Each structure stands twice: as structure tokens, then as C-alpha cells.
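All remarks here apply to the structure that follows.
A short reminder: the numbers here are calculations on the coordinates, not readings from a lab. Since the structure is predicted, the reported quantities are computational estimates derived from the model, not experimental observations. Because the Cβ atoms are built from the backbone with ideal geometry, glycine has one as well, and the counts that use them run over all protein chains shown.
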Amino acid sequence: MSARNPHPDLPRNLALIGGRGCGKSSVSKRLARRNRHFMLFSLDALIRYERGAITIPEIVEKEGWAAFRDLEYEVVRRVSAFRGGALIDCGGGVVVDLDAEGGEIFSRRKVEALRRTSLVVYLSRDFEYLESRVEDDSNRPSLSQSEDFLSIMKRRDPWYRRAADWVVDCDDKTKPELADELLHWYYERIGAEYTPETD
């Protein structure tokens, strides 16, 4: 059995952002397997924990989107207190807050909290691909009663780009290729050498 590559210490957090269905969770799990120093946090799972493990749709139905975004900010703020090694799988709306009329706006507070201790990567995919991944998924609450998914993603795309230290075009890449590319970039940013290895 061959020895695994050494795992460098992680002085910065790594946060993955992007639209629903872009692969944040599956890529995060691969990254965590490839460096045992990462501590993987799913923002959605932590939000559910804060509300007694009820589902995200149940939280939104009970409290509304504005309260959900406030709760999301508190979870982001607490996870960002880690000064290194947190691998943060962010929900699709981490770049979103609501204005007084309930319309979506860029979330400066959540993005600033993330960027304080994290390198932020936007996993960018074709909007139609994202739509095909999330349609009829009962685990995801409806984003809007008046707007379609593609319109929402087109509005959010520049916000993801604004929040990110790096934008990755994922459309033609496999999950292992994405994990390699992300680790190579991340290790370069923290001044460590990256040697690819299989999952």
C-alpha cells in the first residue's frame, strides 16, 4: 500500500460558493478526504442544527426568508471565527440578503464575514445545468413565487463573482479534476506544495 501524500497545515479557511446544484457539497467532501486537516462545515446543516434539525424548507416556511438570511449570517459569522482549516460548504444564497421590500440584494455582511478568514471560490456552471439538477428537489425551498430559477441565477452570478477570490468554470470538469484544481490553487495561495493523489 502506497503512502499518502503529506497534508500541509492550513492557515486559511476555504469557502465554496455557487448556485444550487453546482457541486459544492460533493467537491467539499473530496477536498476533506484529500487533506485531513480540513474541518468540513455545511452551512445548511449548521442552520438546521440551530433549529432543532428541521428541514430548510420547514425553516423558511415557519420563519420566512428574511429570518433565514439573518440566521445564515449568524452561522457564517461563527464558522468564520475559525482562523484556519475550516472547509465551508456554503448554501446558494450566502451572497444574498433582502431589502425592505423583500427583494434580493448583495449580502455585504455575509461576504465580508467569509472573506475575513477564508479564501472564497465560486464554482460556476451553466444556469440550465443548475436548473436540471435542482428541479423537483423537495429538500430545497422555493426561491420565489414570482421569478423563475434562471432569472434568479442570472441576478446572483455577478454577486458570486464579486464575493470570490477565484472563479472556476466547472462545466467540462469531473469532480476529481475540480478537487485537484482547487487544492493546487489553494496550496499555492498558502505557500504549500501540492501533489495530486486519488480519492
Amide H partners (placed H, <5 Å) of Gly91, local residues excluded: Leu43, Asp44
Would you list the P(r) distribution for the range 14-190, with all Cα-Cα distances sorted into 10 Å bins from 0 and each bin expressed as a whole %? 9, 40, 39, 11, 1
Fraction of antiparallel bridges per DSSP, the range 14-190 only, in percent to nearest 5: 15 percent
Helix 175-190 versus the longest principal axis of the chain: what is the Cα-based angle in degrees, 0 to 90, to the nearest 10? 70 degrees
Just order 190-196, 104-110 by mean Cβ neighbour count inside 10 Å, highest at the front, would you? 104-110, 190-196
Name the residues whose placed amide hydrogens come within less than 5 Å of the amide hydrogen of Ser107, ignoring near sequence neighbours (fewer than 5 apart) on the same chain. Val96, Asp97
Let's test the formula: R0 of 35 Å, r as the Cβ-Cβ distance of Glu74 and Lys175. What FRET efficiency results, to the nearest 0.05? 0.70
Starting from the Cα of Tyr49, move 7 Å in the Cα-to-Cβ direction to define the label point; list residues of the range 22-40 whose amide nitrogen is under 11 Å from there. 40
If amide H atoms are built 1.01 Å from N in the plane of the peptide, which residues on other chains or at least 5 residues away come under 5 Å of the amide H of Leu40? Leu87
Just to confirm my numbers, what's the Cα centroid distance between the range 162-199 and the range 26-93 in Å? 21 Å
Can you tell me which of 175-184, 55-64 comes out highest on packing, and rank the rest after it, using the mean Cβ neighbours within 10 Å? 175-184, 55-64
What 222 nm value per residue comes from the helices of the chain, counting each DSSP H run with n ≥ 4 as -39,500 (n - 2.57) and dividing by all residues, nearest 500 deg cm²/dmol? -14000 deg cm²/dmol
How would you rank 83-95, 157-169, highest first, on the average number of other Cβ atoms within 10 Å across their residues? 83-95, 157-169
In what sequence do Ser124, Ser25 fall when counting other Cβ within 10 Å, fewest first? Ser25, Ser124
